[in-house]
Amino acid sequence: MVDDTAKVEIQPQNTPPEPSPPEKAVPPEIATATLNDACKAVETGTREPREVLEAIATGTITEGKLEQSPLSPESISVQEVLEMVEPTGTCRNLGVIRLREEPSEEIPQAEQEGIDRLKPYLQKALASDPLLADLARSGDKPISQEQIRNLLGISDERDIVRLYYILNHNLDPALIPAALEKKRQQHQLPEATVKALRENPELQNQFAQLIADQAFSEAFFLAMPGGEAYPPAVSEKIASLIQDWQKATGIDSPEELQGQMRDFFNLGRKFWPEEAKTAHDTFMSANRLTTDGYFESKSFTSDGEFKGWVSGHGSIPNSPVRETLTRHAQAAEVGKYLVALQRKILGIYQRYLPEVYVDPSIKKLEITNPLIAKRKGYAEYGYGESIEEVNGRWNPEKRLIGIKSGTDVSGLSSELPDKETVTHPGVRAKRKVIDGITVAHEASHAIYGELVSKKLEGKVEEYSKTADHAINEGFSVLMELLMIDILRSHPEELGLDTTDLEKLEACKQGRLFDLKSEKSAYTEGTFRIFHKVYVEGAGKGEQRDMHQGLLAVRRFLDRLDPKKTTTIQRDSPRYLELLKKGNPQEWLQLFS
Amino acid sequence: MEKQGLRLQIEKDLALLLLEKLSAKEIDFKKAQEIAKFILKAIPENITDAELMKVVPKLDDNFTELCPIVLKYLREKEEIKTNQEIEKLLEKIRRESG
């Protein structure tokens with residue numbers, strides 16, 4: 001078995017005849033952009049310059065048009081990601097925030113109506129493709145009122161301002177009166193101050209503007225009695241607010257009230273900020289009411305498992321909603337990549353390997369890092385395999401493909417950039433290269449399930465001990481290696497450059513080396529049988545016909561009886577004997 | 001400059017130059033393809049900044065279209081060198097006068 005795999009030559013050097021001509025047709029997921037759009041994309045950093053240079057070099061650029069990356073995330077909506085991608089692993093922040101359904105008991109009825117008014121807009125923000133794409137790319141940049149107006153389609157200026165402060169400062173100006181009402185007595189302010197604030201949206205905005213001013217916030221929260229005064233510009237803002245606020249109360253003794261208000265803002269630096277007379281508790285309460293009034297967020301256990309939904313939008317009560325939304329947006333971008341990659345690989349499978357393709361009916365996708373992969377049981381089927389050896393998994397019950405991608409825990413890749421990953425044989429390459437192969441392998445398991453296992457009713461106990469497990473792996477390894485050859489012949493499918501092609505070859509050699517050197521379900525010899533079936537069908541050398549090879553594989557699969565493949569164990573003498581020297585006909589005698 | 005920052009900046013300038021020249025029909029797609037292939041070969045992804053600064057002055061040897069980028073980086077290099085010389089002289093003056 002081992003020696004045979006060393007001689008394996010899967011690569012049909014002559015490009016296989018393509019089954020039908022639709023390759024020229026532009027797949028729907030490949031959108032186009034004008035040259036000017038491409039310039040903008042390079043300037044704003046949404047397209048890697050090298051990616052554009054590669055597009056020009058490989059001729060995917062055509063008169064006046066530049067095809068977007070084959071894995072362009074623009075072609076996938078956040079909604080599709082939410083339906084398809086598991087909110088776990090690298091995407092665990094996907095949908096990490098949602099709008100609260102039941103009103104919070106802390107919010108007075110008058111304010112609740114205002115909250116209900118804004119909720120539909122926030123709901124739109126949570127699923128807005130352009131807004132989330134902007135957030136994922138711009139990182140910590142505040143969301144502008146212009147973005148709110150245009151991307152969420154809002155025209156009411158008051159709503160825009162409120163949303164601006166909610167998203168960027170975790171502060172709904174309309175909730176400041178409710179916050180003040182709770183703490184009014186400890187601040188020693190008359191009731192009219194709350195009434196004036198509640199009736200005057202402009203005043204609420206002035207308050208919000210001041211609280212959101214970083215210079216004010218730093219000076220207020222770091223104050224000490226007799227300490228440094230506010231910067232002059234901030235003092236002016238406070239003075240102006242006090243004047244407007246006092247006027248709005250209609251109270252006749254302005255000096256006394258102004259003194260109370262000056263204490264409220266600690267203008268004379270008489271107090272520590274937390275002392276009852278200052279606005280400290282009102283500010284904190286305004287943030288908390290905003291958080292709890294609008295949002296719920298996911299809570300995780302210390303090892304990252306989902307625990308439940310809790311009030312608010314994050315572990316730090318005062319962090320901007322935007323930050324949580326950005327985490328959701330960044331997870332959505334990863335999800336878009338995963339959905340696009342899966343579609344692309346299945347498209348390639350269908351077009352280049354049609355003889356063995358049936359709709360694998362994949363319902364869920366998961367992308368995770370190696371540590372979480374271990375907990376998720378990526379190695380659960382194997383015996384002898386350790387977690388580092390498994391790049392993906394197929395879960396037939398959930399119809400889920402999971403891939404391990406990203407920072408490696410073996411120490412090989414401590415400085416791995418975001419766009420790279422490491423595969424089991426230690427090949428470091430762009431994610432799309434390695435993930436593409438992994439998805440192809442896992443999709444092959446799904447296809448095997450449709451072609452073979454589907455005929456079986458009920459669940460197989462201790463599946464990893466059955467011959468079916470090893471046969472399934474042998475088929476998937478063959479398809480994985482054929483996919484590598486197809487990608488090498490058609491690099492434009494994934495937008496691969498020469499380095500990527502070298503990496504693909506390294507992946508193939510790594511897999512062949514493993515087949516030779518290790519002992520596992522992947523390597524115990526079932527690949528050798530599938531390879532024999534393929535070569536017998538395809539012929540050798542110049543005359544090799546990939547499609548005849550694939551037809552032979554399909555005929556072989558069609559004759560397998562899952563009742564036999566799942567009842568004969570991997571340690572049965574007859575199976576072990578066939579592994580050593582059996583030919584395809586003998587295999588079919590045993591398993592059909 | 002951060003790791004790979006110089007290469008990315010140069011690639012960005014080169015990509016924009018090609019796109020602009022294509023838009024203005026100063027070069028055709030065949031020519032752009034030749035130039036892009038040459039750039040990708042001349043500037044591999046793992047190139048160091050030191051190697052890159054040796055490669056950049058030679059880019060327009062084969063394609064004069066790349067001249068603006070070469071000049072830009074040569075000027076920057078010259079400016080850095082001049083500033084370093086000035087700094088050295090100032091340091092010398094400071095030492096001698098102190």
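Descriptive notes on the structure:
Let's see how each residue does on (1) under 24 Å from A:A127 (Cα atoms); (2) under 20 Å from the mean Cα position of the chain (by Cα); (3) assigned by TED's automatic domain parsing to the domain that holds A:S453:
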| site | (1), (2), (3) |
| --- | --- |
| A:L289 | yes, no, no |
| A:S299 | yes, yes, no |
| A:W309 | yes, yes, no |
| A:P320 | yes, no, no |
| A:E323 | yes, yes, no |
| A:Y337 | yes, yes, no |
| A:R343 | yes, yes, no |
| A:G347 | no, no, no |
| A:S361 | no, no, yes |
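- Verdict on A:K307 being farther than 30 Å from A:P232 by Cα, surrounded by fewer than 16 Cβ atoms within 10 Å (Cβ to Cβ) and of a type in the set (K, R): yes
Yes/no matrix, rows are residues, columns are (1) modelled with pLDDT of 70 or more; (2) within 14 Å of another protein chain (Cβ to nearest Cβ):
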residue	(1), (2)
A:P49	yes, yes
A:G64	no, yes
A:P70	no, no
A:P73	no, no
A:L82	yes, no
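- Only one of B:K72, B:K77, B:K92, B:K31 that is more than 14 Å from chain A (Cβ to nearest Cβ) and under 30 Å from A:G59 (Cβ atoms): B:K72
- For segment A:553-572, filtered to residues that are under 39 Å from the mean Cα position of the chain (by Cα) and free of Cβ contacts under 8 Å to residues at least 60 places away in the same chain, the residue that is surrounded by the fewest Cβ atoms within 10 Å (Cβ to Cβ) is A:R555.
- Selected residue [buried (at least 17 other Cβ atoms within 10 Å of the Cβ) and either modelled with pLDDT of 80 or more or assigned to a loop (DSSP other than H, G, I, E, B) (or both)] from A:G402, A:G384, A:G377: A:G402
- Which numbered condition A:K119 misses (of (1) part of a helix (DSSP H, G or I); (2) modelled with pLDDT under 90): (2)
- Of all residues in segment A:573-586 being touching a residue at least 24 places away in the same chain (Cβ under 8 Å) and within 17 Å of A:R555 (Cβ to Cβ), the one that is farthest from the chain's Cα centre (by Cα): A:N583
- Scanning segment A:537-592 for residues that are polar (S, T, N, Q), assigned to a helix (DSSP H, G or I) and farther than 17 Å from A:E473 by Cβ yields A:Q543, A:Q548, A:T567, A:Q585, A:Q589.
- Against the list (1) more than 44 Å from the chain's Cα centre (by Cα); (2) surrounded by fewer than 13 Cβ atoms within 10 Å (Cβ to Cβ); (3) closer than 22 Å to A:K516 by Cα, the condition A:Q589 fails is (3).
- Within segment A:462-506, being within 26 Å of B:F38 (Cα to Cα) and polar (S, T, N, Q) holds for A:S489, A:T498, A:T499.
- Of the residues B:L71, B:L19, B:L14, the single one that is among the aliphatic types (A, V, I, L, M), without any contact (Cβ under 8 Å) to a residue 24 or more places away in the chain and within 23 Å of A:L496 (Cα to Cα) is B:L19.
- Selected residue (criterion: farthest from A:R158 (Cα to Cα)) from residues of segment A:219-232 that are surrounded by 20 or more Cβ atoms within 10 Å (Cβ to Cβ) and aromatic (F, W, Y): A:Y230
- Among the numbered conditions (1) out of contact with any helix residue (DSSP H, G or I) (no Cβ under 9 Å at 6 or more places or on another chain); (2) within 14 Å of chain B (Cβ to nearest Cβ), the only one that A:K540 does not meet is (2).
- Checked against the criterion of being in the same structural domain as A:M479 (by TED's automatic domain parsing), over 41 Å from the mean Cα position of the chain (by Cα) and at pLDDT below 85, segment A:527-540 has at least one qualifying residue.
Residue by residue, here is whether (1) surrounded by fewer than 22 Cβ atoms within 10 Å (Cβ to Cβ); (2) not aromatic (F, W, Y) holds:
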position: A:S104; (1), (2): yes, yes
position: A:P120; (1), (2): yes, yes
position: A:D129; (1), (2): yes, yes
position: A:S155; (1), (2): yes, yes
position: A:R162; (1), (2): no, yes
position: A:Y165; (1), (2): no, no
position: A:N168; (1), (2): yes, yes
position: A:I176; (1), (2): no, yes
position: A:Q186; (1), (2): yes, yes
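- Filtered by the rule that a residue be under 16 Å from A:H547 (Cβ atoms) and part of a helix (DSSP H, G or I), segment A:329-365 gives A:I348, A:Y349, A:Q350, A:R351, A:Y352, A:P354, A:E355, A:V356.
- Residue satisfying all of: in segment A:483-509; more than 28 Å from the chain's Cα centre (by Cα) and crowded, with 16+ Cβ neighbours inside 10 Å; farthest from the other protein chains (Cβ to nearest Cβ) among these: A:D485
- One residue from A:F216, A:F283, A:F207 being more than 13 Å from A:T193 (Cβ to Cβ), touching a residue at least 24 places away in the same chain (Cβ under 8 Å) and buried (at least 18 other Cβ atoms within 10 Å of the Cβ): A:F283
- Here A:A215 fits the description: outside any loop (DSSP other than H, G, I, E, B), at pLDDT 90 or above and more than 21 Å from A:Q188 (Cα to Cα).
- Segment B:35-61, subset within 16 Å of A:I56 (Cα to Cα), of a type outside the set (K, R) and in a helix (DSSP H, G or I), residue farthest from the other protein chains (Cβ to nearest Cβ): B:A42
- Residue match in segment B:5-18 (condition: surrounded by fewer than 13 Cβ atoms within 10 Å (Cβ to Cβ) and within 14 Å of another protein chain (Cβ to nearest Cβ)): yes
- Scanning segment A:510-547 for residues that are within 19 Å of A:L578 (Cα to Cα), hydrophobic (A, V, I, L, M, F, W, C) and surrounded by 22 or more Cβ atoms within 10 Å (Cβ to Cβ) turns up A:L515, A:A521, A:F527, A:I529, A:F530, A:V533.
The values are calculated or read from the model by the stated rules, or taken from the named source; none is laboratory data. Quantities reported herein were computed from a predicted structural model and do not represent experimental measurements. All Cβ positions, even for glycine, are placed from backbone atoms using ideal geometry, and neighbour counts span all protein chains on display.
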